[in-house]
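Taking it in order: structure first as structure tokens, then the write-up.
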Amino acid sequence: MGSFSIMRALDLNRAGLLAISLALSACGAEPSETASSAAQDTNTQERPSILLVTLDTTRADALGIETDLVDTPALEELATRGLVFSQAYATAPMTLPAHTSILTGLYPTQHGIHENGRRFADSERLLATRLQQLGYGTAALVSAFPLAAEFGLASGFDHYDDELPTGEAERPANETTDRALAFLGREKAEPLFLWVHYFDPHEPYEPPEPYRSEYPGAPYLGEIAFLDRELGRLVTAFEARLEGRPYKIVVAGDHGQGLGDHGEALHGNLLYQSVMRVPLIIAGSGVPAGQVDVAVSTRRIFDTIVGWASHEDTGRSLLSATPETVLGEAFKPYLQYGWQPQVMAVDGSKKVIRSGELEVFDIVSDPTESTDLTGRVEVDPEVMKTVRDHWERALSGPVDSGAVLGEEAKERLASLGYVGSEGRTALRDEAPSPKDMVDLFHDLDIGSVLFIRNEYEKALPLYERVLSADPYNTAVCLHLAVAHSVLGNEQKALEYFDRARQISPDSVDLQHYLAMHHFRFQQWAEAEPLFEIVLDATPDKLPALECLAQIRERQGRVQEAGSLLERITTLKSDPKAELLKLGEMRMSIGDTQGAIRAFERARVLQEDDFDHRLELGVLYLANRQLTEAAASLDRVTASHPAYPLALFKRAQVSVLLGEPDRDQRIQLARDNADAVTAPLIANEKLFKGSSSP
Ligand SMILES: [Zn+2]
């Protein structure tokens, strides 16, 4: 391992013993000062409260610690009294995979989340679950939709605040901090694990004042400065609450931002330092001040925190572990466009990227990775083997837990620039390396967002440009087919579907989009078998369920349509419309109890806006649940077009219940009778004993 060679104690006063001890242990020397001080900490047995702050889209070189271009006093204060890791790396340049690593200690090849919009299902593995088991109160506040509870990271948290402003996919740092401070003010649990996630430096860059004015022309840095102010408020509030009890703080970036480096404006497509090297600072009780220049992965935050909480050393804590070859991956271009999967390894000062071909950089002497040293320097064969193994594991390992996003979730992710793929595709031998495709990033990123926003006319020329440069791009080919289909260009659409079939004959996406195309053109016979194939492969795919339900209803197969609707109501976050439809459908085939179930679920969701009280009352009456029938019919308002019918039914219920005012109710029904209810009232045997005429 070459870690000793890059051990630079930049400031000896601050670097302290820890960096030196890490260097020694890297050389196989005796266990260090740090290890023994950790052991002392163990003996005190008081578990520290822990604050974990993750900074989205924050480059390591965009903090005041490394540059004079921005002021970040809160981070610098933490860095002064804490331990700064100058070579900390994300496991993937994307929010959900990177955070899943921080919260599980696993690489994406192990946890299976390679991109946003997937669901992590192994709740037992999560940091919060572990800490809960160790007696911690656990809380999280996250600031963007990619970390919403539905994606699986909320397990183990007693409190998970992922509420976003209406219609927005992100929450500004000041709001998240306000909520965190309110939480800290009322929460009594000790010890406490609090995770706060800030999202502001993510595009679009819109810093609030005064940062907008203070950073003219550099709004990304303005967002960083704003973030720093909020981090300062948070740390102050967290520490104020402790009253002398032990605590630890971890601040880490989830991934960086390209900002044009190597042709990448955003993140997710490449593995260069701009997007992979992130800030990492640890501070708090017993944490020595200093700087560690050994390369570390942010996944070790998991082991570090578990170590503090359990007083057990997993061997991978950032404070005591031996240096390791740090790995990373960027799978989005592979999953979405069929390009080469990319993995990287950092070992000492050397960084290797494998993306079909190989690149080697010296990240200490050439931090911008301007000179590819492939063939000019020797790379440890062990490292090369690690890269190869990681690449192969990534291709053969789990991809995700099978979550399929609803349209609403897709739109919210797309509003942040994320468009998830539909799953793993076969890798062509001659698939291009993403680094050779940077000229297409802009068209692909913008095209995807336009597409999800249904702005198909605008997306077409972008996608056509991409496909002419990258003729094997199945996803783009399908997007072109769908765009033409929606725009009514049937012939053009079919041409692109044919072309997609030639590239990827087994693609489930192809079957799905082609089925949707036939549905759009009311070609039911063509659409039906394709939807069945799609649902065999992906049973939760909402659009396919919805279309097939309509086809079944049209075919008069109401029972089957009902089953599909029932399934849809379990998958949608807001299934009110489907529940009403399901209730009506069941009512039409005489399934009284099934209809009551559906309407009751809709009533709970809609509360005062529920407008099927007449139907529900009639169903309860038919089911001889008279009290429920009365309650529902009583809430039908006079403005309801079938109000006379409600009065008639209510009078029937009243007689059956033997209510003292039943005669007045019958009279009311008579007084308000219309063409429908007049003959019903006249012939109603229940009313015969009434004193009225
Ligand atoms: Zn992120």
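Out of (1) out of contact with any helix residue (DSSP H, G or I) (no Cβ under 8 Å at 6 or more places or on another chain); (2) within 16 Å of the ligand (Cβ to nearest atom); (3) at pLDDT below 95, what's the single condition that is false for A169?
Failing condition for A169: (1).
I need the full set of residues from the range 539-590 which are under 24 Å from the mean Cα position of the chain (by Cα) and under 24 Å from A525 (Cα atoms), in order please.
P539, D540, K541, L542, P543, A544, L545, E546, R567, I568
Residues checked against (1) open to solvent by 60 Å² or more (accessible area, probe 1.4 Å); (2) among the charged types (D, E, K, R):
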position: A622; (1), (2): yes, no
position: L633; (1), (2): no, no
position: A638; (1), (2): yes, no
position: P641; (1), (2): yes, no
position: A651; (1), (2): no, no
position: Q664; (1), (2): yes, no
position: D671; (1), (2): yes, yes
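Please determine, by comparing only the residues of the range 141-163 that are hydrophobic (A, V, I, L, M, F, W, C) and more than 15 Å from the ligand (Cβ to nearest atom), which one is nearest to R118 (Cα to Cα).
Ranking the candidates gives A149 first.
Starting from the range 603-622, take each residue that is charged (D, E, K, R) and list its partners that are open to solvent by 20 Å² or more (accessible area, probe 1.4 Å), counting only C-beta distances under 7 angstrom and pairs at least six apart or across chains.
Short answer, once both residue conditions are applied: R613/R635; E615/M587.
Would you check which residues across the range 74-97 are within 16 Å of the ligand (Cβ to nearest atom) and either outside any helix (DSSP H, G or I) or without any contact (Cβ under 8 Å) to a residue 12 or more places away in the chain (or both) and list them?
Scanning the range 74-97 gives A88, Y89, A90, T91, A92, P93, M94.
Just name the residue that is surrounded by the most Cβ atoms within 10 Å (Cβ to Cβ) out of those in the range 104-140 that are under 14 Å from the mean Cα position of the chain (by Cα) and within 16 Å of the ligand (Cβ to nearest atom).
Top of the filtered list is I113.
Return a yes/no flag: does the range 559-573 have any residue that is surrounded by fewer than 16 Cβ atoms within 10 Å (Cβ to Cβ) and either touching a Phe, Trp or Tyr at 6+ places or on another chain (Cβ under 9 Å) or assigned to a loop (DSSP other than H, G, I, E, B) (or both).
yes
Going by what's in this entry, would H484 be described as open to solvent by less than 30 Å² (accessible area, probe 1.4 Å) and touching a Ser or Thr at 6+ places or on another chain (Cβ under 7 Å)?
no
Of the residues A289, A225, which single one is more than 16 Å from the ligand (Cβ to nearest atom) and under 16 Å from T72 (Cα atoms)?
The conditions single out A225.
Hey, among the residues in the range 43-73 that are within 29 Å of E187 (Cα to Cα) and open to solvent by 20 Å² or more (accessible area, probe 1.4 Å), which one's farthest from the ligand (Cβ to nearest atom)?
Going through the qualifying residues, I end up with N43.
Would you pick out the residues in the range 126-150 that are closer than 17 Å to T298 by Cβ and modelled with pLDDT under 95?
Residue satisfying the conditions is P146 alone.
From the list R245, R212, exactly one residue is touching a residue at least 60 places away in the same chain (Cβ under 8 Å) and open to solvent by 30 Å² or more (accessible area, probe 1.4 Å). Which is it?
R245
Output the qualifying pairs, or none if there are none: Cβ atoms under 8 angstrom, residues six or more apart or on different chains, first residue in the range 336-348 and farther than 20 Å from E324 by Cβ, second residue open to solvent by 20 Å² or more (accessible area, probe 1.4 Å) and β-branched (V, I, T).
Q336/V419; G338/T425; G338/T474
Read through the list (1) under 30 Å from G82 (Cα atoms); (2) touching a Lys or Arg at 6+ places or on another chain (Cβ under 7 Å); (3) buried (at least 23 other Cβ atoms within 10 Å of the Cβ), then give the number of the only condition that V294 fails.
For V294, the failing item is (2).
The values are calculated or read from the model by the stated rules, or taken from the named source; none is laboratory data. Note that the coordinates shown come from a computational prediction; the quantities given were computed from them, not determined experimentally. Because the Cβ atoms are built from the backbone with ideal geometry, glycine has one as well, and the counts that use them run over all protein chains shown. Quick note on the areas: whole protein, heavy atoms, side chains included, nothing else; ligands and nucleic acids left out. Shrake-Rupley method; radii C 1.70, N 1.55, O 1.52, S 1.80 Å.
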